[in-house]
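The values are calculated or read from the model by the stated rules, or taken from the named source; none is laboratory data. Source: prediction; values computed, not measured. Ideal geometry is used to build each Cβ from the backbone, glycine not excepted, and the neighbour counts take in all protein chains shown.
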Amino acid sequence: MLSRILIAGLAAILSGCASNDKALDTAKEVSLIDPDIPPAVAGEDGWGYQQSAEADLDRDGVSERIVLTARAEMVRGRPAWDDGQPWQVYVEAADGTRRYVYAQRLQLGALTMRLALDEAGDPASIVLFEHLPDRLRLFEAFYGGPEELRTLLRFERMLDPRGELASPMLP
């Protein structure tokens, strides 16, 4: 339910900002890997929060596992969030090879992952929605295999970080 509300809110924000010159679809290629954050695996060494999906993103006939994880301990089935924690997203091939898409520390923020569909209705790319008190960003990552990854910044908007509306809803 929360993810539906989050996506509906994002759609409203994006459609409302479409006429604002400073909120254009930038489609700028970016790297989302902070080299100071070592690669992690969901469920290991404190990386307790995780979500995953399976899809054939590289169109080779074999599904990959797409994983979002955050370094947060789970308490009674819910994450025990700190003021900030590192988040990672990776694609895991059938042979266990991992390609990291995202490795960032979000202070008072959250990351949401979804899969975008192509015209035929098949999963085609990874969509990441980064929500911080002072910024919203939307990224799209295209995975073509362990050696082929292209990530685009699709949308970025600075926000007023003050007041009750500033804090994102954490999962």
* Asked: Given Arg76, Arg105, Arg4, Arg65, which one is in contact with a Phe, Trp or Tyr (Cβ under 8 Å, 6 or more places away or on another chain) and either modelled with pLDDT of 90 or more or not aliphatic (A, V, I, L, M) (or both)?
  -> Arg105
* Output for the stretch 53-89, where each listed residue is touching a Ser or Thr at 6+ places or on another chain (Cβ under 8 Å) and over 17 Å from Phe129 (Cβ atoms) -> Glu54, Ala55, Asp56, Leu57, Arg65
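Might you let me know whether the stretch 30-47 holds any residue that is under 15 Å from Leu170 (Cα atoms), touching a residue at least 24 places away in the same chain (Cβ under 8 Å) and either of a type in the set (Ser, Thr, Tyr) or touching an Asp or Glu at 6+ places or on another chain (Cβ under 9 Å) (or both)? So that I can check it myself, show each step before the final result.
Initial filter on the stretch 30-47 (under 15 Å from Leu170 (Cα atoms)): none.
No.
Please pick out the residue among Asp82, Asp160 that is surrounded by fewer than 19 Cβ atoms within 10 Å (Cβ to Cβ) and modelled with pLDDT under 90. Even if it seems obvious, please write down each step before you answer.
Details: Asp160 fails: modelled with pLDDT under 90.
Residue meeting the stated conditions: Asp82.
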* Starting from residues that are closer than 20 Å to Pro38 by Cα and free of Cβ contacts under 8 Å to residues at least 60 places away in the same chain, keep the ones in the stretch 95-129 and report whichever is surrounded by the fewest Cβ atoms within 10 Å (Cβ to Cβ). => Gly96
* Asked: From Pro79, Pro123, which residue is touching an Asp or Glu at 6+ places or on another chain (Cβ under 8 Å) and farther than 30 Å from Met158 by Cβ?
  -> Pro123
* Single unsatisfied condition, Pro133 versus (1) in contact with a Gly (Cβ under 8 Å, 6 or more places away or on another chain); (2) touching a residue at least 60 places away in the same chain (Cβ under 8 Å); (3) not hydrophobic (A, V, I, L, M, F, W, C) -> (2)
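I'd like the full set of residues that are of a type in the set (Lys, Arg) and out of contact with any strand residue (DSSP E or B) (no Cβ under 6 Å at 6 or more places or on another chain), limited to the stretch 136-171. Reasoning before the result, please.
So the first thing to find is which residues in the stretch 136-171 are of a type in the set (Lys, Arg), and the list is 137, 150, 154, 157, 162.
Answer for the stretch 136-171, where residues must be of a type in the set (Lys, Arg) and out of contact with any strand residue (DSSP E or B) (no Cβ under 6 Å at 6 or more places or on another chain): just Arg162.
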* Does at least one position in the stretch 54-74 carry a residue that is more than 21 Å from Tyr143 (Cβ to Cβ) and surrounded by fewer than 16 Cβ atoms within 10 Å (Cβ to Cβ)? -> yes
